[in-house]
Amino acid sequence: MKRLDDFRMQMGRHELVPIMIGGMGVDISSADLALEAARLGGVGHISDAMIKTVTDRRYKTKFVKAKQALYKYNAESEDKSLVKFNLEHLVEATKLHVEATMTRKRGSGMVFINCMEKLTMNAPRETLKVRMSAALDAGIDGITLAAGLHLGSFALIEDHPRFRDAKLGIIVSSLRALQLFLKKNSRIGRLPDYVVVEGPLAGGHLGFGMDWAKYDLATITAEILNYLAAEKLNIPVIPAGGIFTGSDAVSFLEMGGAAVQVATRFTVTKECGLPDDIKQEYFKAAEDDIEVNEISPTGYPMRMIKASPGIGDGIRPNCEAYGYLLDANGKCAYVTAYNRELLAHPGEKRISVKDKTCLCTHMRNFEIWTCGQTTWRLKDTSRRVEDGSYQLLTAEHVFRDYQYSTDNKVQLPEISEPA
Ligand SMILES: Cc1cc2nc3c(=O)[nH]c(=O)nc-3n(C[C@H](O)[C@H](O)[C@H](O)COP(=O)(O)O)c2cc1C
């Protein structure tokens, strides 16, 4: 019986353990988590979502305060189109996070950065170009293009000196999305170095409609593998979404996947950026406690734990400080929904906005608990300790479990010594 460790992913001259820990926004896939994946010979991701908030928290910068002060005059306004990102600060923050991560890298694996196109930041092209270029300048091993079709993203960095040497990949949820990407980029003469195929059971935003349950990862992966073989395109394919055990992973590698991308099992590790009390919410969640809803202003469905405090909250939009989801016209679906509720409930101190959420504020404060569909199984991957809480795992433990387990088994951690 095969184990995941019987396989290797070849990416250029790199031979990797075929485990990629997916990007999880606003520092859930922390540098510590990504670095563990690299140390163990796989691939880890940091994320550039809300990068200025991340550097303020991690490296004591003051980017958010500075932006808030600059646009303070606009806080009461319904119109957020004036709120722009300072591109120099964006470069500085990105470089800081990437450099600080890469200088600590050990082992034979790699660290990539997850770049979501949906973070449109009131100037989609300019900000995305700066984000990707700064990450390349700062020595990131690769960039995973996420949350969007990214039809113009390669063109934004084609003149960068590292464009052909850094690893560049894209996340798709359908063959159609991959075909569009390849067609749009054929002029550039550079294929992606890998394609992550993200199915409907993943965490974060989904590349499906609310009919996500009709789709399944193995079918989409097979379609994409067949297409690439027919076109004689040799691009590593990396399935993602709902791969919970080493045996699940092996089944995808046996069908031709080059590696797997996993995330949910790492949300309850010590290295994960979620606060420890929220990791307990992930452990405790039952299957019924998880939903896919449409409250994200991005327009993509998103999976989360129903008890997330951000759901239904009617906080005043804080685009002056954040504003990562303002589109090219300076609009965000939450701002629109908030203004509508404000108008409908004049004079009320606290309003509730049910159909959209202020994703920037709530992701920043860990109040939207996005998660994969298999989150309800996390309780079976650990032990309960005396006070009833679950023992946090180490990233190494979960990584090794994927790498070496067979028979759909999950190895429980050693019993930890009481603190
Ligand atoms: C808490 C959490 C946050 C996530 N955030 C992002 C994100 O910011 N960008 C992204 O491309 N994918 C995101 N994802 C998706 C993962 O990178 C990954 O592809 C997927 O969850 C893998 O499926 P699994 O969680 O069932 O292992 C997130 C997943 C989780 C669980």
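Points to keep in mind about this one:
- Order of Leu325, Leu343, Leu90 - criterion: other Cβ atoms within 10 Å of each residue's Cβ, fewest first: Leu343, Leu90, Leu325
- Pairs of Cα atoms nearer than 8 Å and 6+ residues apart set the relative contact order; for the chain it is 20 percent.
- Modelled spin labels at Lys306 and Asn329, positioned 7 Å past Cα toward Cβ, are 3.6 nm from each other.
- Counting 0.36 nm for each residue step from Arg13 to Asp407 and taking away their Cα separation leaves a gain of 138.6 nm.
- With a cut-off of 11 Å between beta carbons, the residues surrounding Cys115 carry a summed charge of +1, where Lys and Arg count +1 and Asp and Glu -1.
- In region 1-91, GluC sites (Glu not before Pro) in a DSSP loop with at most 15 other beta-carbon atoms within 10 Å: Glu76, Glu78
- Of all DSSP beta bridges in the chain, antiparallel share, percent nearest 5: 30
- Scanning residues 5 or more positions from Lys167 or on other chains, those with amide H under 5 Å from its amide H are Gly142, Ile143, with H placed 1.01 Å from N in the peptide plane.
- Selection of GluC sites (Glu not before Pro), region 192-287, meeting DSSP coil and at most 13 other Cβ within 10 Å: Glu231
- Among Ile290, Ile143, sorting on how many other beta-carbon atoms sit within 10 Å of each Cβ, with the fewest leading, yields Ile290, Ile143.
- Gain in span if fully extended, Met210 to Glu99, counting 0.36 nm per residue against the direct Cα distance: 36.1 nm
- Most fluctuating residue given options Asp48, Asp211, Asp32, as computed from a GNM of the chain linking Cα atoms under 10 Å: Asp211
- For Met11, the residues 5 or more places off, or on other chains, whose built amide H falls under 5 Å of its own are Leu16.
- Each residue of region 383-388 was assigned a 3J(HN,Hα) from its phi angle through the Karplus curve 6.51 cos²θ - 1.76 cosθ + 1.60 (θ = phi - 60°); the sequence is 10, 8, 9, 3, 7, x Hz, with glycine and proline shown as x.
- Hz values of 3J(HN,Hα) by residue in region 267-279 - Karplus curve (6.51, -1.76, 1.60), Gly and Pro given as x: 5, 10, 9, 4, 6, 4, x, 5, x, 4, 5, 6, 4
- Inter-label distance for Val385 and Tyr73, nm, one decimal - labels placed 7 Å from Cα along Cα-to-Cβ: 5.2
- Over the chain, dividing the summed -39,500 (n - 2.57) contributions of all DSSP H runs of at least 4 residues by the number of residues returns a 222 nm mean residue ellipticity of -9500 deg cm²/dmol.
Each reported figure results from applying straightforward, stated rules to the coordinates on display, with no laboratory input. Since the structure is predicted, the reported quantities are computational estimates derived from the model, not experimental observations. Cβ coordinates were reconstructed from backbone atoms using ideal geometry, including for glycine residues, and neighbour counts include every protein chain displayed.
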